[in-house]
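**Q** Pasting a structure here, questions to come.
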There are 2 protein chains.
Amino acid sequence: MRHVAVFDAYGTLFDTQGLISSAEAQFPGRGEEVVRLWRAKQLEYTWLRSLMGQYEDFWAITRASLEFACEALGLSLSDPARDRLLEAFLRVPAFSDAAPALSQLCARGVRCCVFSNGTRAMVEAAVSSAGLGAYVDAVLSVDDEVRVYKPHPAAYAYVCRRLGIQPPQALFVSSNGFDVAGAASYGFPTAWVNRRGLPAERLGAAPALVVQDLLHLAAQV
Amino acid sequence: MRHVAVFDAYGTLFDTQGLISSAEAQFPGRGEEVVRLWRAKQLEYTWLRSLMGQYEDFWAITRASLEFACEALGLSLSDPARDRLLEAFLRVPAFSDAAPALSQLCARGVRCCVFSNGTRAMVEAAVSSAGLGAYVDAVLSVDDEVRVYKPHPAAYAYVCRRLGIQPPQALFVSSNGFDVAGAASYGFPTAWVNRRGLPAERLGAAPALVVQDLLHLAAQV
């Protein structure tokens, strides 16, 4: 059977720091803190809404978290500015190692898939904009049907159902510690791409592999 | 029927900023950032473990989040220092408005209860240490039986079951926006004690009442 690697999108293949230039254009000198709070709140809202059983899709959550972040930082956000910043998410750049690493894996016959909290439209736009389309066999979104965010087990179960695999048959790759913990807890072998040298999360499930970037991952798979 | 008010503990009755002096004694000049990251990670772990279906009690989560915070900040945490900081949580000070507000409500016949993510031992220790015991009719913990953290609906359902009430029969009081949203989503009338003038959370359920502190709450109930 062909090997499968499942990649998280934001933070793993795509660099949300790449949104800073768009935020900076709107809020000179404040772009970095806007993006930091925007991203933190975006994740928080996925967890909270999943716990509450009050799903909203990732586009709506991305808008809500941007509005919260700007209000918290005392920044006035017009509707057109908000829409411009949201649209930057559709062209979020890939990390420079993403294309070469995926290319190497594909060349060795690994089936590379993307599994994201983002809606299909968001993730497909980013994959296409970053020129990763040739390497990506399938884009899967929690929005397709489960409508609950990572790290809920139902999200990881969907990956298996959709790809027709059992968890031990795929390597789950993420830079997000909580995502690695959720996938490992569900039974996937996991690789944590710890780009920023963060401490390990204390969530009970350790990754099988820790690498500093995607090229180191490709070299070890 | 007697009116019931259900109070969240940490951030609402108890001031987690009061942990800074203990953190400062251990890590001079770094106490504030330790407590900020410790508290943020503590909440994050409650949400993530609830989503993963991997419950650990709040004492264990409080320890794990403290260890993460110190490692992330490059601070070495010995076992005795860790235990000293954890024990500070048992004596976390109440906000200065907590005792007079609860006293006023009790005098008017309101039944005041505390409902917390914290274990019973943690919350009872804090209530007693802060001298709030005379005003608190019942301490309820998610650890009593539901073993899932706020804002999961099962947590709020437990409050109703345990107190023998329907949600509209109690006022749910919290400074934590996510807790207010979870309680409101479950059907409680809610009061958000917005001590720090934060923006409203975008989580779909607005509080019935927004007050700046507990004395303003007592005046309006």
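**Q** To confirm my reading of the symmetry, which residue of chain B has the Cβ nearest the axis that brings B onto A, and what whole-Å distance does it have?
**A** Measuring from each Cβ to the axis, the minimum is at B:Trp47, 2.
**Q** In deg cm²/dmol, rounded to 500, what helix-only [θ] at 222 nm does chain B give when every DSSP H run of at least 4 residues adds -39500 (n - 2.57) and the total is split over its residues? Display every interim value, and only then the final one.
**A** Working: 9 runs with 102 residues, N = 221.
Value at 222 nm, helices only, nearest 500: -14000 deg cm²/dmol.
**Q** Right, something else. Order these peptides, A:196-205, A:114-123, by their mean beta-carbon neighbour count within 10 angstrom, highest first. Don't skip to the end; give the middle numbers.
**A** Details: A:196-205: 15.4, A:114-123: 23.5.
The densest-packed peptide leads the list: A:114-123, A:196-205.
**Q** Counting pairs of alpha carbon atoms under 8 Å apart in space and at least six apart in sequence, what relative contact order in percent does segment B:16-90 give?
**A** Working: 61 pairs, mean separation 22.9, N = 75.
Over segment B:16-90, the number comes to 31 percent.
**Q** Would you work out the charge dipole size for chain B about its Cα centre, treating the Cβ of every Lys and Arg as +1 and the Cβ of every Asp and Glu as -1, and quote it to the nearest 20 debye? Please list the in-between numbers first.
**A** On the way: 20 positive and 22 negative charges, 102 e Å.
Here the size comes out at about 500 debye.
**Q** Another question, then. Average partner chain C-beta neighbours within 10 Å, per residue of A:49-61? Mind dumping the intermediate values first?
**A** On the way: counts 7, 4, 15, 14, 6, 8, 0, 3, 0, 0, 0, 1, 2.
Mean inter-chain Cβ contacts per residue within 10 Å come to 5.
**Q** Next question. How much length, in nm to one decimal, is gained on full extension between B:Arg108 and B:Asp137, taken as 0.36 nm per residue of separation minus their Cα-Cα distance?
**A** Details: separation 29, 0.36 × 29 = 10.44 nm, distance 1.39 nm.
Taking 0.36 nm per residue and subtracting the Cα distance, the gain is 9.0 nm.
**Q** Now a separate question. Is there a simple number for the mean count of other chain Cβ atoms within 10 Å of the Cβ of residues in B:170-180, and what is it? Provide the component values of the computation, followed by the final result.
**A** Numbers: counts 0, 0, 0, 0, 0, 0, 0, 2, 7, 1, 0.
Going residue by residue through B:170-180 and averaging, the value is 1.
**Q** Continuing with the same structure: Relative to the Cα centre, what is the charge dipole magnitude of segment A:59-142, using +1 at the beta carbon of each Lys and Arg, -1 at the beta carbon of each Asp and Glu, and rounding to the nearest 20 debye?
**A** Working: 7 positive and 8 negative charges, 55 e Å.
Computed about the Cα centre, the dipole is about 260 debye.
**Q** Placing a label point 7 Å from Cα toward Cβ, how far apart in nm is B:Ile165 from its equivalents in the other copies, listed shortest first to one decimal?
**A** Reported distances to equivalent positions: 5.0 nm.
**Q** Still on this model: Can you tell me, using C-alpha contacts under 8 Å and at least 6 residues apart, the relative contact order of chain B as a whole percent?
**A** Working: 366 pairs, mean separation 49.5, N = 221.
The normalised contact order for chain B reaches 22 percent.
**Q** Place the label 7 angstrom along Cα→C-beta at B:Arg147 and in each other copy, then list the distances from the first to the rest in nm, shortest first.
**A** 3.0
**Q** Counting Lys and Arg as +1 and Asp and Glu as -1, what is the net charge of the other residues whose Cβ lies under 13 Å from the Cβ of A:Thr119?
**A** Numbers: positive: A:Arg63, A:Arg120, A:Arg147; negative: A:Glu56, A:Asp57, A:Glu124, A:Asp143, A:Asp144, A:Glu145.
Result for the neighbourhood of A:Thr119: -3.
**Q** For segment B:124-163 and segment A:71-101, what is the separation of their Cα centres, given in Å?
**A** So the two Cα centres are separated by 41 Å.
**Q** Sticking with this one: How high is the relative contact order of segment B:155-212, in percent, with contacts defined as C-alpha pairs under 8 Å that are six or more residues apart? Can you show the working numbers first?
**A** Details: 90 pairs, mean separation 18.1, N = 58.
This gives 31 percent for segment B:155-212.
**Q** Oh, and also: Averaged over B:40-47, how many beta carbons belonging to a partner chain fall within 10 Å of each residue's beta carbon? Walk me through the intermediate numbers first.
**A** Working: counts 2, 2, 0, 3, 7, 4, 2, 9.
That average works out to 4.
**Q** Additional query: Show me you know the interface measure: the accessible area buried between A and B, both chains summed, probe 1.4 Å, in Å² to the nearest 100. Don't jump to the answer; show the numbers that get you there.
**A** Numbers: alone 9960 and 9970 Å², together 17150 Å².
Buried: approximately 2800 Å² between B and A.
**Q** Report the charge-dipole magnitude of segment A:1-126 in Debye, nearest 20, computed about the Cα centre from +1 at each Lys and Arg Cβ and -1 at each Asp and Glu Cβ. Don't jump to the answer; show the numbers that get you there.
**A** Working: 13 positive and 15 negative charges, 93 e Å.
The calculation lands at about 440 debye.
**Q** Right, another one. Note the distances from B:Glu24 to each other copy's matching label point, with points 7 Å along the Cα-to-beta-carbon direction, in nm, sorted shortest first.
**A** Going from nearest to farthest copy, the values are 3.6 nm.
The values are calculated or read from the model by the stated rules, or taken from the named source; none is laboratory data. Owing to the predicted nature of the structure, the values given are computational and were not obtained by experimental measurement. Cβ sites come from the backbone with ideal geometry, for glycine too, and all protein chains shown count toward neighbours. Ligands, DNA and RNA are excluded from the accessible area calculation, which covers all protein heavy atoms including side chains. Shrake-Rupley method; radii C 1.70, N 1.55, O 1.52, S 1.80 Å.
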